[in-house]
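Here, each number is a calculation from the coordinates, and none is a lab measurement. Computed from a predicted structure; not experimentally measured. Heads up, the Cβs are rebuilt from the backbone with ideal geometry, glycines too, and the neighbour counts pull from every protein chain shown.
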Amino acid sequence: MLLRVQKLHKIYPNGTHALKGVSFDVKEGEFLVVIGLSGSGKTTLLRSINRLIEPTSGTVEFMGKDITHIKGDELRKIKSQIGMVFQQFNLVKRRSVMLNVLTGSLGRINTISSLFEKFPEEAYESARRALSIVGIEEKSDLRADTLSGGQQQRVAIARSLVQNPKLLLADEPVASLDPATSNSVMQYFEKINKELGTTIICNLHFLSLVRKYATRVIALKAGLIVYEGLPSEIDETWFKTIYGEEAEEVQIQ
Ligand SMILES: Nc1ncnc2c1ncn2[C@@H]1O[C@H](COP(=O)(O)OP(=O)(O)OP(=O)(O)O)[C@@H](O)[C@H]1O
Ligand SMILES: [Mg+2]
């Protein structure tokens with residue numbers, strides 16, 4: 001088991017109970033997709049796994065170790081094994097693609113050399129390797145904000161890869177992209193999952209993408225898991241359970 005989440009609760013300071021006892025396991029090599037209506041707790045769940053937010057109660061075990069309350073060096077070490085990709089790419093716009101990707105290895109490089117933007121040759125090598133996995137080595141000297149949205153997301157994916165993570169979390173990574181670009185970016189996640197063996201947990205909105213890429217699906221509704229199974233098993237009835245009676249499926253190809 002790579003990840004075991006047990007009875008996870010998150011109550012935000014304003015009283016919102018965003019996760020209400022969420023439990024699930026993730027095996028190595030899975031491509032798990034989390035779905036659910038806006039506000040159902042998907043982002044809260046992903047952020048609780050890599051401790052961008054502190055869960056209120058429950059446990060997160062990663063590679064057999066309880067990481068729910070670890071701090072300092074121990075937490076940094078675990079975080080370097082869990083990559084994260086965001087909807088809005090979160091690149092440093094005015095910096096080159098290469099520098100953006102190099103910052104993914106900062107956990108391993110001392111702060112002084114990174115301040116002067118001096119990185120060891122091995123860091124450049126792993127950055128180039130990561131850029132080639134997402135097919136944009138030739139963009140490495142360009143400013144990040146001169147790239148298209150899909151290309152910027154591929155840079156963000158490359159940045160998450162330089163640490164060679166065991167687990168890659170992606171929070172709506174294609175929500176800002178058009179349908180064709182969404183598919184192409186999803187294909188890179190699939191490639192990383194299949195060729196590098198990286199386990200992926202990804203929040204997605206469109207069911208057609210879920211059916212195409214997920215090996216397993218979890219659906220959240222108001223902070224609870226209401227579905228866990230194969231993407232192919234989400235029929236009309238499940239769809240209405242997950243998204244409500246009024247909902248209708250929108251296609252994205
Ligand atoms: N920082 C916060 N403080 C208070 N409440 C929050 C905070 N972040 C999220 N929430 C609330 O927690 C609940 C779950 O939010 P979350 O962002 O996890 O949902 P989501 O499924 O990711 O939604 P979306 O599909 O819109 O991204 C919502 O009711 C939201 O308003
Ligand atoms: Mg969200």
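Quick notes
- Using a cutoff of 8 angstrom between alpha carbon atoms and counting only pairs six or more residues apart, the relative contact order for the range 91-164 works out to 51 percent.
- The magnitude of the dipole of the chain, with charges of +1 and -1 set on the Cβ of Lys/Arg and Asp/Glu and taken from the Cα centre, is near 800 debye.
- Charging the Cβ of each Asp and Glu at -1 and of each Lys and Arg at +1, and nothing else, the dipole of the range 1-79 about its Cα centre rounds to 180 debye.
- Column: log10 I(q)/I(0), Debye, Cα scatterers of the range 104-253, q = 0.08, 0.09, 0.17 Å⁻¹: -0.29, -0.36, -1.01
- For the pair the range 178-211 / the range 19-78, the C-alpha centres are spaced 20 Å from each other.
- When the Cα convex hull of the chain is projected onto planes of every orientation, the mean area is 13.8 nm².
- Dipole check for the range 91-164: with +1 at the C-beta of Lys and Arg, -1 at the C-beta of Asp and Glu, and the Cα centre as origin, the magnitude is about 260 Debye.
- Residue order, fewest to most surrounding Cβ atoms within 10 angstrom, among 91, 147, 142: 142, 147, 91
- Net charge over other residues, Cβ less than 13 angstrom from the Cβ of residue 233 (K, R count +1; D, E count -1): -1
- The alpha-carbon positions of the range 91-164 define a convex hull whose volume is 75 Å³ per residue.
- By the count of neighbouring beta-carbon atoms within 10 Å, fewest first, 1, 186 end up ordered 1, 186.
- Listed by Cβ neighbour count within 10 Å, with the fewest neighbours leading, 17, 205 appear as 17, 205.
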